[in-house]
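Peer 1: Dumping the structure here so I can ask a few things about it.
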Amino acid sequence: MPLLKLKDVHYYYGNIHALKGVDLEIYAGEIRTLIGANGAGKSTTLMAISAIFKPQRGDILYHGTSLLGRAPDAIVKAGLCQVPEGRRIFPGLTIQENLEMGAYCRRVKAAIAADLEMVYDLFPVLGERRRQAGGTLSGGEQQMLAIGRALMSQPQLLLLDEPSLGLAPLMVEKIFSIIERIAGEGITILLVEQNAHAALTLADYGYVMETGKIILEAPANELLSDERVKEAYLGE
Amino acid sequence: MDKRKTGEILLQAHKLVKKFGGLTAVKEVSLEVRAGEIIGLIGPNGAGKTTFFNCLNAIAVPTSGEITFAGHSLVSQVSGASSRLIFRSALLFALLSLFWLPLVLGVVWPETFFRLEAVLSLSSLALFRIYLLRPLTRFRPWSRLLLIIFVLVDGICAVSWLWRSAEFAEVSFFGLFPFYPMLVPGALLLLIAAPILLLLFNLSQVKEAFGQHLRADAITVFGMGRTFQNIRLFSSLSVLDNVKLGRHCRTRANFFGIVFGLPQARKEELDSAEKATECLNFVGLGQQLESLASSLPYGAQRRLEIARALATEPKLLLLDEPAAGMNPTESAELITLVRRISAAGIAILIIEHDMKVMMNLADRIYVLDHGELIASGTPAEIRSNAKVIEAYLGA
Amino acid sequence: MHLDDRLFSEKKFYLPLLAAVLILPWLPMGIAGPYVLRVATLTLVYMVLALGLNVVPGFTGLLDLGYVGFFGLGAYTAGLLTVHYQWSIWLVLPLAALNGALWGVLRGAPTLRLSDDYFAIVTFGFSELIILVIRNELWLTKGPMGVPGIARPDFFGHVLNQPWQNFYLILFLLLVVLWVVLRIRSSRLGRAWFAVREDEIAAECVGVNVANYKIIAFALSAAIGALAGAFYARWFRFIHPDMFKFWESILILCLIVLGGMGSVTGALLGALILIPLTEVLRIVLPAELSNARYLLFGLLIVCMMRWRPAGLLPVQKE
Amino acid sequence: MLTAILEHSSLFLQQLVNGITLGSIYALIAVGYTMVYGVIQLINFAHGEIYMLGAFISFSLLTGLFGVGLPFWLAVLVAVLVCALAGVLLDIVAYRPLRRAPRLAALITAIGMSIFLQNLALLIWGAQIKSFPRNLIPAFFNEPALQFGDVVVSWLQVIILLTAIFLMLALQLIVHYTRLGRAMRAIAQDKTAASLMGVNVDRVVSYTFALGSGLGGVAGILVALYYNAVYPTMGYFAGIKAFAAAVLGGIGSIPGAILGGGILGLAEVFGGGYISSSYSDGIAYAVMILVILVKPNGLFGRQLRDKA
């Protein structure tokens, strides 16, 4: 049984038919990626999974049970956490507070403290500046903070929305190696990326999205050599 | 391709800098566009491309740098002459502050003088000072220090003056001026509060508020049209009205002309409808004049935005990611459209992520990364530029 | 196309209107007496006010919570000019409108950069200040004593003593205002206002000088408010600071919220429904309750925003 | 001359004491505006009415208007709780359905609620000004606590100041050092991101309303005691002035609200004393307008949203 399964999900944003029947599934332990042009509906898909947008049609199954009708906080409690596009850390909160916000749904103080140390281990930069406001970090560090914040909720499935957006190439590499490491810890990852090349190299399986629909899906290495993908998204 | 470079320089940006608080979004970017060219601007997300556009048409006020467009300077500088003026007004400030001092010492003026002083110093003086603060705050730290001194003196004087007004309550020095209840406390507060607020909090905002920069609408009149990354249509107006608004800056009818239906106003109205329809036909939306702008599909909205910009009769069109979110067919159509616009003699500066579109269209490309210009040249040069490959294109 | 445009461009619409206008003033003689005519006149006054207020929140999208300030300003301008100089209403009306426009500009100019909430607050504070000045400057306005004995409107030397004459006068003013508003709305001026309402930045980028057009809107709106006030002073013959409380601003706002912000027909309809209703409530409710009829307005606003935010006659097609 | 100066200085000091008292009350009300604005960017116009409700409910409970007469402190406690509850209800009934609506709609709704509540009070309690019966409130309130020459500070004034300081400190602690406070600040900065972190936004907003309204209720009771007057429109004026205070300090900032309340209270008392007593209300508006015009974000306010 897939960990998460989207069945024919439709979403209308006002008059705009943003998702036109998205089918997607992901199994535990995998990295899957969703690539596509700007405005194809990738972020909308993730927002629909996180229940920020309520799909008008279709179903989202998690462990075989529907997530529709649940509030965003219930989704997080169920173990689905998103690192949103543009990082969206809380700029006025300190780094530590940002991370504690990630653990908002959890109650056991000792476990939270342990996880906090784990995140600081993973991102030593953050540990050095835990009393500093999140807004003072650079783009790459904010991305680390956002990922760390999501990890604090102990997710089973991590949704990553454009983690490399606007980062210097070196930082992009670093972020991708971190993602790989997180996946190594047994966390399932759904990665949305514009940097199709990097994403497909990392992922096991890929989906190509265009104007609200999945137009192509295949194991990642096949997509990497697919002519259409090459032409449209790899710029070759 | 080189044949186009013969055109005169239309837009020139020189060492343009834009800072947001501590963050420098655009660092000393220089760029020029000649008449008839198609210029591309590329770079990773967050590289400052849109901010650069915003600076060009004065949606954002650049921190420093110069822009000239079609013979107009769009950002004015503090010149030597105006700094002398500033110095003089600073001296004037000092004198005016001295004027307050006798009050602190408790000198009793003749009543007539007292009246005059009350009215003059409190109302006009306050306004006058605020007016003068305007150039001052654009200036150097030493003037700030001077101002802080003025402010302190002002504050002390105003308080003691208030005190005296209670002391000499039987002196009806306000009698001259019928509106004193509004004016006096208002003026007092202005006098005390305005300089403090102007000085102690965020000067850059004051600068933006009072800055000498041209506004976007004036720049549109000079002939710079633009579209936006996240489409900004007047969504509850009809398609035709949207484009008619583009004609706004080319029409003159005023309030009375409109109310009394003067011939000129009527003629203009007909003309703008005609021109707007023309522009809509040009982008292929001629059939949907009366639909609501927000009801159009995504690609059509992008084209409508272009039609609206075209209606302003631009010499230079700024396109901010016009192909974003379009499928390959739509972006191919867009390329044709941009070429047709260019063929009509309009220079184009275009931001685009789709390298294919860019390579296809642009005569020259500028590459921004972290706000800095890292490369410029023909598409072929850019394609093989090591820096660009590292920062943007990837291996 | 606007519903208003469709409505006002159709000949079918004007015939019944004309008939109604011609018949209306004769009705009271047979049926209800001057009371109905008084309510009808009051309704028309509020129609003018609603049209005037509509210009700012409806057309330019800025919430004006102090409209009654201009109503009061116009009423006092007209009242004082009439009491002191006995000028004809045809001189007083334009002067009051001009004075209103002047203060509209004075209020508007510094507020251009303010966003929605703050603009609303400043308008509110400003109108409270106007009323405070009216209340406190005894030498000018006689303050809480009010200004009694204002002369009735006149027409070529005839004093308009009959209720129906006043009815026709305000009807005439309403038609003038309606004409101006409709003309402007479908012109480049109106489009510029809509552009400012929809998206200020985009408006600037198509060459609309946002500041100028906001100022024009403020001036026009204030002038219309003052015009209504001027008529009101001459018609009611007595003005008092308490007539121009914050509630009145809210009542006028109610009218256009009910009708649909930005819709001209809506503004008229809102006044047509609410003003007679308040008058009826004033009579029907016992004295201690009649003060609380604003309770209904509060509820009405809340419900409208909840279920029909676009009003009864929405500008935009669904 | 000397005696005149002495007289004036004692007048000045008395005014200062009154100004500080008034300022701390404004600060208490202003904090309610500021908290709600900070979290959901809504100007809760009806906040002044909650304050009025606090005064009326404590009055009714004290005098046994609803059939039960409670001892003073219990009545105060119950009134504050009712206010908190009313705030939450207000949010759920009026504002929550409009969370995603344009801000203008929410603002108009807030005005509508304000009018509704005010007239509801008018219906229930009538328009006459009511005063607390002397025998039902603790007697020491109006006795002087401190006295220097002619300057008198009553116990009530001391209590008002201390309550304000205590509640403000408590509030600062809640906002900065608790899970709830953290969630409130997170929502203020990014509502979507907060709910992606598992914050139940609606619930936190309810708590915010409860806290703010509770403080408003306390302020209402204190003012009612201070002036010994309860009437339906009391919330309207106090609300507007407190709002002015919040704006003055920078709406959304709690220290700003405290500072703004202080400044406004002093400005009003001194303005009324030294300039013109009939314009003391006008001074509040004038200060507010000027501050908005000169510094649209207030003294401690956050940066304006970026235009483009």
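The values are calculated or read from the model by the stated rules, or taken from the named source; none is laboratory data. Keep in mind it's a predicted model, so treat the numbers as computed, not measured. Note that each Cβ is placed from the backbone with ideal geometry, even for glycine, and that neighbours are counted across all protein chains shown. Protein only, heavy atoms only, side chains kept; ligands, DNA and RNA dropped before computing areas. Shrake-Rupley method; radii C 1.70, N 1.55, O 1.52, S 1.80 Å.
Peer 1: How many percent of the accessible area of chain A is carbon or sulfur, using a 1.4 Å probe?
Peer 2: Its accessible area is 51 percent carbon and sulfur atoms.
Peer 1: In whole Hz, with x marking every Gly and Pro, tabulate ³J(HN,Hα) for the stretch B:309-322 from phi via Karplus 6.51 cos²θ - 1.76 cosθ + 1.60, θ = phi - 60°.
Peer 2: 5, 5, 5, 7, 6, x, 8, 9, 10, 9, 10, 9, 6, x
Peer 1: Quick one: 3J(HN,Hα) in Hz for the stretch D:190-197, Karplus 6.51/-1.76/1.60 with θ = phi - 60°, rounded, Gly and Pro as x.
Peer 2: Going residue by residue, I get 6, 5, 5, 4, 4, 6, 5, 8 Hz, with x marking Gly and Pro.
Peer 1: Compare D:118, D:128, D:172 in a GNM of chain D, Cα atoms joined below 10 Å, and give the one with the largest fluctuation.
Peer 2: D:128
Peer 1: Please report the buried accessible area for the interface of D with C, total over both chains, probe 1.4 Å, in Å² to the nearest 100.
Peer 2: 3700
Peer 1: Let me ask another. What order do C:82, D:63 take when sorted by accessible area (1.4 Å probe), most exposed first?
Peer 2: D:63, C:82
Peer 1: OK, next. With charges only on Cβ, +1 for K and R and -1 for D and E, what is the dipole size of the stretch B:233-301 about its Cα centre, in debye, rounded to 20?
Peer 2: I would put it at about 220 debye.
Peer 1: Okay, next question. At the nearest 100 Å², what buried accessible area, both sides summed, do you get for D and B when the probe is 1.4 Å?
Peer 2: Roughly 1800 Å².
Peer 1: With θ taken as phi - 60° and the coefficients 6.51, -1.76 and 1.60, list the Karplus ³J(HN,Hα) couplings across the stretch C:201-206 in order, rounded to whole Hz; mark glycine and proline as x.
Peer 2: For the stretch C:201-206, the Karplus-derived couplings read 5, 4, 4, 4, 6, 9 Hz, x marking Gly and Pro.
Peer 1: When all protein chains stay in place, what accessible area (Å², nearest 10, 1.4 Å probe) is found for residue A:73?
Peer 2: Taking all protein chains as shown, residue A:73 has close to 20 Å².
Peer 1: Would you grab the residues whose amide H sits under 5 Å from the one on residue A:25? Only those 5+ places off in sequence or on another chain, please, with H modelled 1.01 Å from N.
Peer 2: Under 5 Å from the amide H of residue A:25: A:6.
Peer 1: With the cut-off at 1.5 for a/c, could you classify the stretch C:3-307 from its C-alpha gyration tensor as rounded, prolate or oblate?
Peer 2: Rounded, since a/c falls under 1.5.
Peer 1: Among B:255, B:282, B:309, pick out the residue whose Cα is farthest towards the positive end of the charge dipole of the stretch B:208-334, where Lys and Arg carry +1 and Asp and Glu carry -1 on C-beta, about the Cα centre.
Peer 2: Comparing the listed Cα positions along the dipole, B:255 ranks first.
Peer 1: Pull up all non-local amide H partners of residue B:38: gap of 5 or more, or a different chain, and H-to-H distance under 5 Å with H placed in the peptide plane.
Peer 2: Result for residue B:38 returns B:348, B:363, B:364.
Peer 1: Pull up all non-local amide H partners of residue A:17: gap of 5 or more, or a different chain, and H-to-H distance under 5 Å with H placed in the peptide plane.
Peer 2: none
Peer 1: Probe 1.4 Å, all protein chains in place: accessible area of residue D:185 in Å², nearest 10?
Peer 2: 40
Peer 1: Out of A:109, A:77, A:54, any idea which swings most in a Gaussian network model of chain A, alpha carbons joined below 10 Å?
Peer 2: Maximum fluctuation in the GNM of chain A, among the listed residues, is at A:109.
Peer 1: Residues of the stretch A:45-78 with the amide nitrogen closer than 16 Å to a label point 7 Å from the Cα of residue A:107, along Cα-to-Cβ, please.
Peer 2: Under cut-off, by backbone N: A:74, A:77-78.
Peer 1: Using a simple charge model, +1 on the beta-carbon of Lys and Arg, -1 on the beta-carbon of Asp and Glu, nothing else, what dipole does chain C show about its Cα centre, in debye to the nearest 20?
Peer 2: 500
Peer 1: Out of the trypsin sites (Lys or Arg not before Pro) in the stretch A:130-179, which ones are loop residues according to DSSP with at most 16 other C-beta atoms within 10 Å?
Peer 2: For trypsin sites (Lys or Arg not before Pro) across the stretch A:130-179 that sit outside H, G, I, E and B with at most 16 neighbouring Cβ atoms in 10 Å, the list reads A:130, A:131.
Peer 1: Given the rule -39500 (n - 2.57) for each run of at least 4 DSSP H residues, summed and divided by the residues of chain C, what is its mean residue ellipticity at 222 nm, to the nearest 500 deg cm²/dmol?
Peer 2: It lands at -23500 deg cm²/dmol.
Peer 1: Looking at the stretch D:191-222, which residues lose a minimum of 50 Å² of accessible area between their chain alone and all protein chains in place, measuring with a 1.4 Å probe and not counting ligands or nucleic acids?
Peer 2: D:192, D:196, D:197, D:198
Peer 1: Nearest 100 Å² is fine: how much accessible area is buried between A and D, summed over both sides, with a 1.4 Å probe?
Peer 2: Chain pair A/D: roughly 2000 Å² of buried accessible area.
Peer 1: Once both labels are modelled 7 Å past Cα along the beta-carbon direction, what's the residue C:98-residue A:7 spacing in nm?
Peer 2: Between residue C:98 and residue A:7, the simple spin-label model gives 7.6 nm.
Peer 1: Out of the total accessible area of the stretch B:267-358 (probe 1.4 Å, heavy atoms of protein only), what percent is carbon and sulfur?
Peer 2: The nonpolar share, carbon plus sulfur, comes to 56 percent.
Peer 1: Right, here's the next one. Mind checking A:133-144 for the average number of partner chain beta-carbons within 10 Å of each residue's beta-carbon?
Peer 2: 1
Peer 1: Which of A:20/D:191; A:174/B:15; A:77/D:191; A:77/A:109; A:5/A:213; B:49/B:387 have a Cα-Cα distance over 24 Å?
Peer 2: Beyond 24 Å between Cα atoms: A:20/D:191; A:174/B:15.
Peer 1: In nanometres, what is the gap between the two model label sites at residue A:74 and residue B:64, each 7 Å from Cα along Cα-to-Cβ?
Peer 2: Between residue A:74 and residue B:64, the simple spin-label model gives 5.7 nm.
Peer 1: Related question: For the charge dipole of chain D, defined by +1 on Lys and Arg C-beta atoms and -1 on Asp and Glu C-beta atoms about the Cα centroid, which residue among D:146, D:125, D:93 has the Cα displaced farthest towards the positive pole?
Peer 2: D:93
Peer 1: Quick check for you: with a 1.4 Å probe and neighbouring chains kept, what is the accessible area per residue of chain C, in Å²?
Peer 2: 38
Peer 1: So, one more: Of chain C, which part is the longest with no chymotrypsin sites (Phe, Trp or Tyr not before Pro) in a loop (DSSP not H, G, I, E, B) and with at most 16 other C-beta atoms within 10 angstrom?
Peer 2: C:1-86
Peer 1: May I ask you to derive the FRET efficiency for residue D:169 and residue D:128 from their Cβ-Cβ distance with R0 = 35 Å, giving the value to the nearest 0.05?
Peer 2: So the FRET efficiency works out to roughly 0.40.
Peer 1: Shifting gears a bit: With +1 on each Lys and Arg Cβ and -1 on each Asp and Glu Cβ, how big is the dipole of the stretch A:1-59 about its Cα centre, in debye rounded to the nearest 20?
Peer 2: 140
Peer 1: In addition: Take peptide C:237-247, look around each residue's Cβ out to 10 angstrom, count Cβ atoms belonging to other protein chains, and average those counts.
Peer 2: Taking all residues of C:237-247 together, the mean is 1.
Peer 1: A further question on this structure: Just tell me which aspartates and glutamates come within less than 16 Å, Cα to Cα, of residue C:142; anything on the same chain fewer than 8 places away is out.
Peer 2: C:242
Peer 1: Most fluctuating residue of A:32, A:107, A:70 in a GNM of chain A with Cα springs under 10 Å: which is it?
Peer 2: A:107
Peer 1: List the chymotrypsin sites (Phe, Trp or Tyr not before Pro) within the stretch B:230-299 that DSSP assigns to loop and that have no more than 16 neighbouring Cβ atoms inside 10 Å.
Peer 2: Taking the stretch B:230-299 and a limit of 16 other Cβ atoms within 10 Å, the loop chymotrypsin sites (Phe, Trp or Tyr not before Pro) found are B:260.
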